[in-house]
There are 2 protein chains.
Amino acid sequence: MRRTAAARIRYALLDVDGVCVMGQRAIPQSAAALARLRALVRGHRLITNQSQEPCSSVMQKLQRWHFDVRPGEVFSALSAAKSHVAIRKLRPLCLLTKAAMEEFEDVAMERPNAVVIGTAPAEMHYKRLTEAMRVLMDEDSELIAVNKGRYFKENGEFQLMAGPFVAALEYATGKSARVVGKPSPDFFRAVAHDAAGPDVLPEQVVMIGDDVRDDIQGAMDVGMRAILVKTGKYRPGDEEICTPAPLAVVDCLADAVTYLEESGVVTE
Amino acid sequence: MRRTAAARIRYALLDVDGVCVMGQRAIPQSAAALARLRALVRGHRLITNQSQEPCSSVMQKLQRWHFDVRPGEVFSALSAAKSHVAIRKLRPLCLLTKAAMEEFEDVAMERPNAVVIGTAPAEMHYKRLTEAMRVLMDEDSELIAVNKGRYFKENGEFQLMAGPFVAALEYATGKSARVVGKPSPDFFRAVAHDAAGPDVLPEQVVMIGDDVRDDIQGAMDVGMRAILVKTGKYRPGDEEICTPAPLAVVDCLADAVTYLEESGVVTE
């Protein structure tokens, strides 16, 4: 059966953690798979919800593990926050790590009318959160959460993520945060726009991820196709959680690229 | 009409802020009114929701303004937290000011299985809140909030109260805090028990307050009587918010005591 042009996949989004890398090592064959994917599609982005490092650091890390990643090909929840701030011409008070601030270096921040908050231990204290609350007391100001994760594990110990502090500011001010990271529909639209320009159709984009909710369901909810990989945080049965079923469920990124090469969803 | 014995008021609870004092001054005639109240009822308590100072400091402040207040007559949200911790034999990690910790000096705190949180700027930072989150990851551990206020104004500027940090820990752990301050029913029961012993009937207790929700409705919800005073945070029309109507609505504490003296609700 000949597929219609619209149904052909032209762009790919790949989750970084759990798909390309796992903790402090690259997932076997994933660097080579990325090279094959680059040859297969018109554009791609490596995406991550983490909010502590700028995209340039994520790129350099991947390069050290021999991934061929070029400037502009990493898109993070910070990129989505920056994009939202730029479109709305907001002047944010940023509760972000020093490294993450690199992403905002050309953004005006005097007389703030918004708060951008990510995981940033050194910023999460009474004085700084009180400053943020005061900005948000103004009716028109906006609370932008890079993500709303609860906690993560580091060296075997639980650490707070941005979410609890987002919840604190929401409770203090009665405002709801705009969460710009995965699985926000705005995130997927922004990264597709970044990879493929304004005329991209969602069905031309495939998301390859290990998180059935944040990657797979999130991408499918905006009309993208999705491939679930069984690395990272995948647990048996995850594919039954999402609706509709993903385009494919495969063992790893290398198998996802093989699927794209061989199934005819990209080439005719 | 002769009242039944149960209907007579024998004990009184007085809110401190907005009823006895306002900011840094005593409300006119309130010290003399307290002396008249002492002669009228069998027992009374001065109550406060603030969580930054121990009861001994509140007592000393009131004494400096010439209120006749004696040890044990101030009951705060901290007292309620302490009472809950003692009854349940909990070992709390306390996120409280150094001064407030005085209230807990005889409480065991090793291997904590509870978190007590109040307004305590110096404790509200990432490391300490992460410690609290770890305690609360244990299924059986309890989160006890001295209050859940959003913010207060100090020198014309908004400051965060405990509430936003309580919300942060609730979001991180999925647990709901037990709020022990006003208007918690447990608070009113605990202070009545403290003033009058275990056999007190709620209708024998009158609450005199300026906050129609936290003082008046809270006390009436456990079956106490209540007198709303028009000092402090009272706003015209407040008396229409609560159900049933308060026993009386009067201008100030002095008038509340006059009402108790003259209406026959205390004496036959």
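Quick one: order B:E170, B:E102 by neighbouring beta-carbon count within 10 Å, fewest to most.
Values: B:E170 20, B:E102 15.
Going from least to most buried by this count: B:E102, B:E170.
Taking 0.36 nm per residue of sequence separation and subtracting the Cα-Cα distance, how much length would be gained by fully extending the chain between B:F152 and B:Q24, in nm to one decimal? Please list the in-between numbers first.
Numbers: separation 128, 0.36 × 128 = 46.08 nm, distance 1.53 nm.
Contour length minus the Cα-Cα distance gives 44.6 nm.
Please figure out what share of the DSSP beta bridges in the stretch A:1-144 is antiparallel and state it in percent, rounded to the nearest 5.
Numbers: 2 of 18 bridges.
DSSP beta bridges in the stretch A:1-144 are roughly 10 percent antiparallel.
To the nearest whole number, what is the average tally of beta carbon atoms from other chains within 10 Å of the beta carbons of peptide B:123-129? All intermediate terms of the calculation are to be shown ahead of the outcome.
Numbers: counts 2, 7, 9, 11, 5, 1, 7.
The mean count of partner-chain Cβ atoms within 10 Å per residue comes to 6.
Are there trypsin sites (Lys or Arg not before Pro) in the stretch A:67-145 that DSSP marks as loop and that have at most 16 other Cβ atoms within 10 Å, and which are they?
Details: sites: A:K82, A:R88, A:K89, A:K98, A:K127, A:R128, A:R134; in loops: A:R88, A:K89, A:K98.
Sparse-neighbourhood loop trypsin sites (Lys or Arg not before Pro): A:R88, A:K89, A:K98.
Nearest 10 degrees, 0 to 90: what angle lies between the long axis of helix B:77-87 and the longest principal axis of chain B (Cα atoms)?
70 degrees
One decimal, nm, shortest first: give the distances between the label point of A:M137 and those of the same position in the other copies, each label point 7 Å from Cα along Cα→Cβ.
3.6
What list do you get for B:I208, B:I144 if you sort them by fewest beta carbons within 10 Å?
On the way: B:I208 32, B:I144 23.
Exposure proxy ranking, most exposed first: B:I144, B:I208.
Quick check on chain B: helices-only [θ] at 222 nm, where DSSP H runs of length 4 and up contribute -39,500 (n - 2.57) each and the sum goes over total residues. Nearest 500, please. If you can, show how the numbers build up before the last one.
On the way: 9 runs with 85 residues, N = 268.
Dividing the helical sum by the residues of chain B leaves -9000 deg cm²/dmol.
Tell me, what is the FRET efficiency for A:D251 and B:E139 to the nearest 0.05, using R0 = 30 angstrom and their Cβ-Cβ distance as r?
The computed FRET efficiency comes out at 0.30.
Suppose R0 equals 56 Å; then what is the FRET efficiency for B:A32 and A:S56 from their Cβ-Cβ distance, rounded to the nearest 0.05?
Details: r = 71 Å, r/R0 = 1.26.
The formula returns an efficiency of 0.20 here.
How high is the relative contact order of chain A, given as a whole-number percent (alpha carbon pairs under 8 Å, six or more residues apart)? Can you show the working numbers first?
Working: 518 pairs, mean separation 57.1, N = 268.
After rounding, I find 21 percent.
Nearest 0.05, what FRET efficiency do A:R88 and B:M109 give at R0 = 35 Å with Cβ-Cβ as r?
Numbers: r = 47 Å, r/R0 = 1.35.
Given R0 = 35 Å and the Cβ-Cβ separation, E is 0.15.
Among DSSP beta bridges whose residues both lie in the stretch B:89-179, state the antiparallel percentage, nearest 5. Spell out each step's value before the answer.
Working: 4 of 14 bridges.
Among the beta bridges of the stretch B:89-179, antiparallel pairing accounts for roughly 30 percent.
Defining the label point at 7 Å along Cα→Cβ, can you sort the distances from B:G264 to the same site in each other copy, shortest first, in nm?
Here B:G264 shows inter-copy label distances of 9.7 nm.
Which of the residue pairs A:K89/A:K153; B:K89/B:K127; B:K89/B:K148; A:K82/B:K153 have a Cα-Cα distance greater than 29 Å in the structure shown? Don't skip to the answer; put the middle values down first.
Working: A:K89/A:K153 35 Å; B:K89/B:K127 26 Å; B:K89/B:K148 23 Å; A:K82/B:K153 33 Å.
Over 29 Å apart, Cα to Cα: A:K89/A:K153; A:K82/B:K153.
Quick one: grab the alpha carbon gyration tensor of chain B, order the square roots of its eigenvalues as a ≥ b ≥ c, and give me rounded if a/c is under 1.5, else prolate or oblate depending on whether a/b is larger than b/c.
Details: a/c = 1.92, a/b = 1.70, b/c = 1.13.
Verdict is prolate for chain B.
Over the stretch B:89-179, what is the relative contact order in whole percent, taking alpha-carbon pairs under 8 Å and six or more residues apart?
Details: 152 pairs, mean separation 23.5, N = 91.
It rounds to 26 percent for the stretch B:89-179.
Can you give me the distance in nm between label points at B:E203 and A:R70, each placed 7 Å from the Cα along the Cα-to-Cβ direction?
Placing both labels 7 Å beyond Cα along the Cβ direction yields 8.4 nm.
Taking a label point 7 Å out from Cα toward Cβ, give me the nm distances from A:D68 to the same spot in the other copies, shortest first, one decimal.
So the label point of A:D68 gives 9.1 nm to the other copies.
Can you return the aspartates and glutamates within cross-link range of A:K233? Criterion is Cα-Cα under 16 Å, with same-chain partners fewer than 8 residues away left out.
Of all the aspartates and glutamates, those that pass the test against A:K233 - Cα under 16 Å, at least 8 places apart if same chain - are A:D15, A:D17, A:E154, A:D210, A:D211, A:D214, A:D215, A:D251.
How far is helix A:253-263 tilted off the main Cα axis of chain A, in degrees rounded to 10, range 0 to 90?
Helix A:253-263 sits roughly 50 degrees off the main axis of chain A.
Name the aspartates and glutamates eligible as straight-distance cross-link partners of A:K98: C-alpha to C-alpha under 19 Å, and not fewer than 8 places from it in the same chain.
Correct list for A:K98: A:E53, A:D106, A:E110, A:E123, A:E131.
No value in this document is a laboratory result; all are computed from the given coordinates. Note that the structure is a prediction, hence the values are computed from the model and not measured. Here the Cβ is made from the backbone with ideal geometry for all residues, glycine too, and neighbour counts use every protein chain on show.
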